Amino acid sequence: MLVTWNDDYNLGYRVVDDGHVLVIDAINRLNRATSRAHRDGEVAGLLPLLERQLTQQFAEEEAFLRLLGTLNFSEHKAEHDHFLSVLSHLRLLFNRGEDVASALMLNLVCHLVSHLRGTDWDEYGGGAKYLAA
């Protein structure tokens, strides 16, 4: 496995943590794909799953952040919107027959590092702030 989920990633808010687990799983699935056909099969399954699950996760997370009155809401939402737009663009390219597995994996890794360990980590205080949520 390229990335392994561990308790250090746990922010304490289930819907957010579940989304991060999904991203890590997608990274690992793409990393294990050894041929173009295998990569395309993974991408075909992962893109709609990621778009559906992350759209739902981001909506729930944004509702929660609105309730909290977070000061960084606009930035946080913009990161969500940007990532969903990247996934949508990759889906369009994939549907045209392009090999997008590497670009998808790179964007997933960047999202994991910048959003999970950056924005989300700052927002949720490493899980300590909202454990009861």
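Every number here is computed from the coordinates shown, using simple stated rules; none is lab data. Model, not experiment: these values are computed from the prediction. Here the Cβ is made from the backbone with ideal geometry for all residues, glycine too, and neighbour counts use every protein chain on show.
Membrane-span-like helices in the chain, defined here as complete DSSP H runs extending at least 20 Å along the helix axis by their C-alpha atoms with mean Kyte-Doolittle hydropathy no lower than 0.0, are 14-32; this is a sequence and geometry rule, not a statement about a membrane. Considering only alpha-carbon pairs that sit under 8 angstrom and 6 or more positions apart, the relative contact order computed for the chain is 42 percent. Near Met1, once Lys and Arg are set to +1 and Asp and Glu to -1 for all other residues with Cβ below 15 Å from its Cβ, the sum equals 0. Evaluate E = 1/(1 + (r/R0)^6) for Ser85 and Asn31, where r is the Cβ-Cβ distance and R0 equals 30 Å; express this FRET efficiency to the nearest 0.05. Given R0 = 30 Å and the Cβ-Cβ separation, E is 0.80.
Within the shell defined by Cβ-Cβ distances under 13 Å, the residues around Ser35 carry a net charge of 0, with Lys and Arg each +1 and Asp and Glu each -1. Net length available on complete extension from Leu68 to Val15 is 17.5 nm, with 0.36 nm assigned per residue and the Cα-Cα distance removed. Sorted largest first, the principal axis extents computed over the alpha-carbon atoms of the chain equal 44, 27, 19 Å. For the pair Ala103 and Leu2, the difference between a 0.36 nm per residue extended length and the Cα-Cα distance amounts to 34.8 nm.
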